1. Out of all the residues in segment 235-270, which are polar (S, T, N, Q) and modelled with pLDDT of 95 or more?
2. Which is more than 20 Å from the chain's Cα centre (by Cα) and within 28 Å of S69 (Cβ to Cβ), of V177, V276?
3. Could you check how many residues of segment 118-127 are within 16 Å of the ligand (Cβ to nearest atom) and crowded, with 18+ Cβ neighbours inside 10 Å?
4. Checking the conditions here, which among G313, G325 is within 19 Å of M34 (Cβ to Cβ), surrounded by fewer than 19 Cβ atoms within 10 Å (Cβ to Cβ) and of a type outside the set (D, E, K, R)?
5. Considering segment 42-64 alone, what residues qualify as being among the hydrophobic types (A, V, I, L, M, F, W, C) and farther than 21 Å from S82 by Cβ?
6. Could you figure out which of (1) under 24 Å from W236 (Cα atoms); (2) hydroxyl-bearing (S, T, Y); (3) more than 14 Å from the ligand (Cβ to nearest atom) isn't true of S82?
7. Of everything in segment 15-59, what is over 19 Å from the mean Cα position of the chain (by Cα), without any contact (Cβ under 8 Å) to a residue 40 or more places away in the chain and closer than 30 Å to K209 by Cα? Give them in sequence order.
Amino acid sequence: MSCEFCSHQTPSLDDLGVITKVDKGDMFSLTQKMPEDIEQALSDFGTRTFSRFSPVNIVIAGMGGSAISGDIANSLLRDELSIPLIVMRDYNLPSFIKRTTLFFAVSYSGNTEETLSAYNEAKAKNARCVVISSGGKLKEIAGDDVYISLPSGMPPRAAFPFIFVPLVRSLEAMEIVKKRNDWQEAIELLRELREEYSPLTPTPENNAKKLAYSLKGKLPLIYASSPLLYGVALRWKTQINENAKAHAYVDYFPELHHNEIMAWERNDKVANFAVVLLRDKGENDRIKKRIEITKELIGDKTEIYEVWTRGEGKLARIFSLIYFGDMLSLYLAVLYGVDPQEIDFINHIKNKLGKFPTS
Ligand code: PA5
């Protein structure tokens, strides 16, 4: 990733005063404690046990910063799961959900109306329900269902480790997937990356800052190379949306070769795009070929940046790119001069809808 221009760009990401001024809610600190949050979440879950249950499918219902943990869990576990796992972001459930479904209702606040509605429907269908929230109405109506309590007082997207860990550990405790032993590798790698992408690490040695400079003023198109990174790519998009208040789009190999690629045939671009390829050493050989062909086709039409996972185990590889994307989105927020924590439009919509009674 080149950085011939970043030293004289303003605002300077190497000026801590600039970061502190913009980051009013201290999202940098909340993000940087990801390794400790994973440790805390593992310890909070402890040796919790569940009554025996052999579901025929798993549904994780939630929205936004709460739902993304479901996508990441799906990416992590897809090679091991012998039953389908579906992440659902809606009020109403598809009809296949029955008493044989394992249903997770996940809402950090516990008050998100889509999740509450889906949970009520799941209860009515006698699905086996697990509720995850930091309180709110979800906790009030959980009744006899398993309830997993999250620490309160965070923005939902910063609570990602606290939501993701119990999702994975619950599936292990129910013997739906094997107990994994690669948490420590992920935690140690995150501690290394914390130094690399720290505000204290100057731009020439800091790839998160460099990519933020490169994406400033551009519309990032995030292309994931493998199913392991599908959830990560969505996390990148949503973190750029919420933290940097910026548009970003996601697409996936090989599907994008059957539609999105056609948009590159045109030479008159409708926006100032930049492509970010999220890559992993485990990606399929045919995908590697496809990426080479993509670069040949579009390399002279757009800037293309590649970010590779780090680490050995799947968990470390996934977390390495989540952390990179989270830090990148915060640096982008600083470059745009916006407070990463503030989500006024999301709150506005929730408040307005809250005035209309649900049927
Ligand atoms: O990041 C956010 O704040 C949002 O995407 C929320 O997660 C989303 O609105 C759902 O709220 P909750 O996570 O409290 O269910």
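The values are calculated or read from the model by the stated rules, or taken from the named source; none is laboratory data. Keep in mind the model is a prediction, meaning the values are calculated, not measured. All Cβ positions, glycine included, derive from the backbone under ideal geometry; neighbour counts span all protein chains shown.
1. At the first step, the residues of segment 235-270 found to be polar (S, T, N, Q) are 238-239, 241, 243, 259, 267.
T238, Q239, N241, N243, N259, listed by residue number.
2. Details: V276 fails: more than 20 Å from the chain's Cα centre (by Cα).
Answer to the check: V177.
3. Count: 3.
4. Values: G325 fails: surrounded by fewer than 19 Cβ atoms within 10 Å (Cβ to Cβ).
None of the others qualify; the one that does is G313.
5. Taking segment 42-64 and keeping what is among the hydrophobic types (A, V, I, L, M, F, W, C), we get 42, 45, 50, 53, 56, 58-61, 63.
Within segment 42-64, L42, F45, A61, M63 meet the criteria.
6. (1)
7. D15, G17, T20, K21
Matching residues to (1) away from the ligand (no atom under 16 Å from the Cβ); (2) within 18 Å of G70 (Cα to Cα); (3) among the hydroxyl-bearing types (S, T, Y):
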residue	(1), (2), (3)
M88	no, yes, no
S134	no, yes, yes
L138	no, yes, no
G153	no, no, no
R169	yes, yes, no
